[in-house]
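Just so it is clear, none of the values below were taken in a lab; they were calculated from the coordinates. A quick note: this is a predicted structure, and the numbers were derived from the prediction, not measured. No Cβ is skipped: glycine too gets one built from the backbone with ideal geometry, and neighbour counts run over all protein chains shown.
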Number of protein chains: 2
Amino acid sequence: MASAATDLVFRPLEGQDALSLAEGAYRRLRDAIVRGELAAGTKISERGLALTLGISAQPVREALRRLEADGMVLTQPRSGTIVAEFGPDRLAEMGRIRAALEGTAAALAAERADDAALALMEAQLAVMRDATAAADTARLAAANERFHALVHAAAGNAFLLRSLTSLRAYDHFNRVRALESTPKELPKALAEHEGLVKAFRKRDPELAEERMRAHVIRSLRAGGVLKKGKK
Amino acid sequence: MASAATDLVFRPLEGQDALSLAEGAYRRLRDAIVRGELAAGTKISERGLALTLGISAQPVREALRRLEADGMVLTQPRSGTIVAEFGPDRLAEMGRIRAALEGTAAALAAERADDAALALMEAQLAVMRDATAAADTARLAAANERFHALVHAAAGNAFLLRSLTSLRAYDHFNRVRALESTPKELPKALAEHEGLVKAFRKRDPELAEERMRAHVIRSLRAGGVLKKGKK
DNA sequence: CATGGACAACTGCTATAGCAGTTGGCAATC
DNA sequence: GATTGCCAACTGCTATAGCAGTTGTCCATG
C-alpha cells in the first residue's frame, strides 16, 4: 500500500520553475501542511511521496530534513516520518520565537540599512498607506510581506534570514485573519511600520528592536495566536 | 586534482558512533570550521569530501545543506560550495541572535519546567558552585553546557532546540576565553544562573527571559564578542 | 598581443538500486 | 485464550552512476 499522502493533490508551483526539485518538494509539502491538507500524525514515506510527486526519493528526503528542522515533521530513524501537531500552544511558541528574531533583525537593519534599502522600505510603506486607505487586505498583505523581507535582507545574516523564512510559513495560519479581524488593526499596523522606519533612520537598534518586537506580538494577539493577558 | 579539503586530517568522533553518516559528517565539518582548520573561502566539493571521509556523496551533501542553514558555508548552485567568513561582525550577530533565542527558551522553560527538570538544573548548579570554588574551568564549562541544554529541553520546542544547538557551535570561538578572562567572571555567571532558576521557580517568563538575555549578552561581552558600549 | 570560442574538467543535482534496521501480523506453542 | 517467536513488508539510510550546468584553460583567429 502506498503512503496515506498519496491521495493528496498538490497544487502546482507558481512563479519560477527553475527551482531545484528538492526546493520545490519542500515548498509543496510545507504549504500542504500549513493548509491542513496533511493532518497531524499522517505518516509520510520518502518513496511514497517521491512517487506522488513524480521525482526521485533523494530530493524528497532533503525536503523532509528541512521540514524537520522547521519543526513541521518528526522523523524516527529507520522507522518513519509523521506530520507534527500544531496546537494553539505550538503556534504561540513559534510566534514568540518569531517576535524575538524579527526584533534582532530590526536591530541589525537599523545599524546597516543604507539609503537604497531604506528607500525601498518607504516605497512599500507608500503602497501600504494606499492599501490601508482602500482597505485592500490582499494588497496590504503582499506589501507587508515585502516590507518584512526587506528588513530581513537589510539585516544581512544568512542564519537569521533562513530562520525567519521558515517561521513565516507558520504565519499562514492566521495571516489573513489578523488583517481582517478589526477595522482598527490596519491603521495601527501601518503606524507601527512607519515608526519602525523612523527608528531605522535614527540608527537606533534598541528602539527598532523593541518596536519590531512589540509590532509582531501585537499582530499575533490580533490574530488570536497569543493570548491577551500574556507577554 | 582533489579538493583543497582533502589534505585535512579530521579528528575521529568521540562518544557514540551509532550516528548516521550524515550526522557524523556534519559534526566533523562543523568542528573543523570553527577550529579554523578550514579557512574561510576554502572550496568544498561533495565528491572530494566524500572521498576524504570514506563515505558516499549523499551524506556529505546532507551535511553541507545543514551547514548552509547554519550560515557556515555558501553554496552556489551548480558551481561550488565555500566556507563562509567569520569576522568579528558576524560573530557578534550570531551572539545577539543567540541571546534572543536563549531568552525565548528561558521564557518557555519558566512556564513549563516541571519539578524534575528544575531539580536537574539545580543539580547542575551545585556542580557549578563546586567548580567555581575550585576554579575548575573545564568542569565548569561542561556543567554550563548541560545547564543550558536542560533549559532548551524544558522549553520543549523542536525549532528552538535545533536553532540553539546550531548557534552553540559559534560559541566555540570564545567559550573558554570567556570563562578564563576575568576572575570575577566565574562567580558572576554563577549568580546569574542561580537567579535564572529562581525565576523559573517563580514561574515568571518575562523575568526569566530578561535575565537569560542579559546573562548571554554579558558573557559575550566578557569574551569580547560584543563591544562594551553597544547593546 | 589581445580576443573569442570550443573543449575538457570540474561542480551540484538527481535517479536507481540495495542495505539494514523497525514494525506488525500470523502461526506455533504454552 | 494468551504469549512468544518469526517472517515479510515496510521504513530511513547509503552507495553508485550519470545528468546538466559552470568554469577555466588552451588554441585558433583577428
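The C-alpha atoms of chain B define a longest principal axis, and helix B:205-222 lies at about 60 degrees to it.
Each of B:ALA142 and B:GLU122 was given a label point 7 Å from its Cα along the Cα-to-Cβ line. The distance between the two points is 2.4 nm.
For the listed residue pairs A:LYS198/B:LYS227; A:LYS202/B:LYS227; A:LYS202/B:LYS188, the alpha carbons are over 27 angstrom apart in A:LYS202/B:LYS188.
Here the spin labels are modelled as points 7 Å beyond Cα on the Cα-Cβ line, and at A:ALA18 and B:ALA214 they lie 5.1 nm apart.
In order along the range A:117-126, the phi-based Karplus estimate (6.51 cos²θ - 1.76 cosθ + 1.60, θ = phi - 60°) of 3J(HN,Hα) comes to 5, 5, 5, 5, 4, 5, 5, 5, 4, 4 Hz; Gly and Pro are listed as x.
Using a Gaussian network model on chain B with a 10 Å cutoff between Cα atoms, which of B:LEU21, B:LEU91, B:LEU64 fluctuates the most? Among B:LEU21, B:LEU91, B:LEU64, the largest GNM mean-square fluctuation belongs to B:LEU21. Rounded to the nearest 10 degrees, what's the angle between the helix B:185-201 long axis and the longest principal axis of chain B, both from Cα atoms, 0 to 90? That helix lies at roughly 70 degrees to the long axis.
Direction-averaged projected area, Cα convex hull, the protein assembly as shown: 23.5 nm², rounded to one decimal. Structure remark: mean-square fluctuation, Gaussian network model of chain A, C-alpha springs under 10 Å; the largest value among A:ARG213, A:ARG61, A:ARG98 belongs to A:ARG61.
Using the alpha carbon gyration tensor of the range B:92-161, what are the three equivalent-ellipsoid semi-axes (square root of 5 times each eigenvalue), largest first, in whole Å?
For the range B:92-161, the ellipsoid semi-axes come out as 22, 17, 8 Å.
Over all alpha-carbon pairs in the range A:37-110, figure out the percentage whose distance exceeds 20 Å. Result: 44 percent of Cα pairs exceed 20 Å. Across all directions, the average flat footprint of the convex hull enclosing the Cα atoms of chain B is 13.5 nm². Counting every C-alpha pair in the range A:88-222, the share spaced more than 18 angstrom apart comes to 51%. GNM on chain A, alpha-carbon springs under 10 angstrom: the most fluctuating residue among A:SER219, A:SER163, A:SER79 is A:SER79. Where only DSSP H runs of four or more residues are counted, the protein assembly as shown gives -22000 deg cm²/dmol as its mean residue ellipticity at 222 nm, each run worth -39500 (n - 2.57).
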